[in-house]
Amino acid sequence: MEEMLLVGTGNPHKLEEISSVLSDLPIRTVGIEHLPPCEEVEETGKTFEENALLKAAYFARMAAGLAAPERPRWVIADDSGLCVDALGGAPGVYSARFAGEDCTFSDNNRKLLKALEDVEPEKRTARFVCVICCVPVPDDPRNAPPALFYSEGICAGRIALEEAGKGGFGYDPVFVEETTGQTFAELEAERKNHLSHRGLALLDFRCKFEALSGS
């Protein structure tokens, strides 16, 4: 019988990336549209690990209320962000709202480039970080599930002087990947997924998940 894994994100780009990387595993991957209406999870953690667990646990408890045939066995959620050395590691866990609440990707990119406008190219080093947390769906929605394991991926690079490329999302147009010299937005999706922080975290996740599920 095919097991179900719920990806705890409302971001269709993330769901597409994760589903693509896991497509050959004998599991059914679903997003939060599979759940009853959910509240937005407040990311109050100080680290990527804390925020990933907050999200995974919330969606797992929501999933616990589903009828057995439609109840996922596991839930994963990730927290990721851009850490810029010249900014002391910022925006970090605040990457999605760097330019304020309800900001757009373009707002964040403009603020980042403005903050670095006087920084020399060799000092614009940065890294994308992604942490995935996997939790079981509890039998009772009142019970907070524990983290089964975490997976992490780090992709090194630098911040470009200006946006380049039409693909991707978020900071992709301004993040120059170390080994290719291209922004994530300039890379083909398959190539980006292979190199990205999320792709690297998913490779680690696959190994741990296969051992957990016996896939």
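Tabulated values for the structure
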read-out: Those residues of segment 18-63 which are part of a loop (DSSP other than H, G, I, E, B) and closer than 20 Å to PHE209 by Cβ, in sequence order; value: LEU22, SER23, ASP24, LEU25, PRO26, GLY31
read-out: Meets criteria (modelled with pLDDT of 95 or more, in a helix (DSSP H, G or I) and crowded, with 17+ Cβ neighbours inside 10 Å) for LEU82; value: no
read-out: Matching residues, segment 204-215, being assigned to a loop (DSSP other than H, G, I, E, B) and either among the hydroxyl-bearing types (Ser, Thr, Tyr) or under 17 Å from GLU17 (Cβ atoms) (or both); value: SER215
read-out: Residue within segment 132-152 that is more than 30 Å from ARG61 (Cα to Cα) and of a type in the set (Phe, Trp, Tyr) present; value: no
read-out: Every pair of residues 6+ apart whose Cβ atoms lie under 7 Å, when the first sits in segment 47-67 and is over 13 Å from TYR150 (Cβ atoms) while the second is in a helix (DSSP H, G or I); value: PHE59/ILE32
read-out: Residue tally, condition under 20 Å from VAL137 (Cβ atoms) and in contact (Cβ under 8 Å) with a residue 24 or more places away in the chain, over segment 15-39; value: 14
read-out: Among (1) open to solvent by 70 Å² or more (accessible area, probe 1.4 Å); (2) modelled with pLDDT under 95; (3) not acidic (Asp, Glu) - the single one ILE154 does not satisfy; value: (2)
read-out: Where GLU163 falls short, out of the listed (1) open to solvent by less than 10 Å² (accessible area, probe 1.4 Å); (2) in contact with a Pro (Cβ under 8 Å, 6 or more places away or on another chain); (3) not aromatic (Phe, Trp, Tyr); value: (1)
read-out: Single residue of segment 48-77 satisfying the filter (of a type outside the set (A, V, I, L, M, F, W, C) and open to solvent by less than 10 Å² (accessible area, probe 1.4 Å)) that is farthest from SER19 (Cα to Cα); value: ASN51
read-out: The one condition in (1) buried (at least 22 other Cβ atoms within 10 Å of the Cβ); (2) modelled with pLDDT of 95 or more that GLY92 fails to fulfil; value: (1)
read-out: Check on GLU3, open to solvent by 50 Å² or more (accessible area, probe 1.4 Å), in contact with a helix residue (DSSP H, G or I) (Cβ under 7 Å, 6 or more places away or on another chain) and either closer than 19 Å to ALA144 by Cα or not β-branched (Val, Ile, Thr) (or both); value: yes
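The values are calculated or read from the model by the stated rules, or taken from the named source; none is laboratory data. Worth saying up front: this structure is predicted, and the values here are computed from it rather than measured. Every residue, glycine as well, gets a Cβ built from its backbone with ideal geometry; the counts of neighbours run over all protein chains shown. Remember, those area values only see protein heavy atoms, side chains included, never the ligands or the DNA or RNA. Shrake-Rupley method; radii C 1.70, N 1.55, O 1.52, S 1.80 Å.
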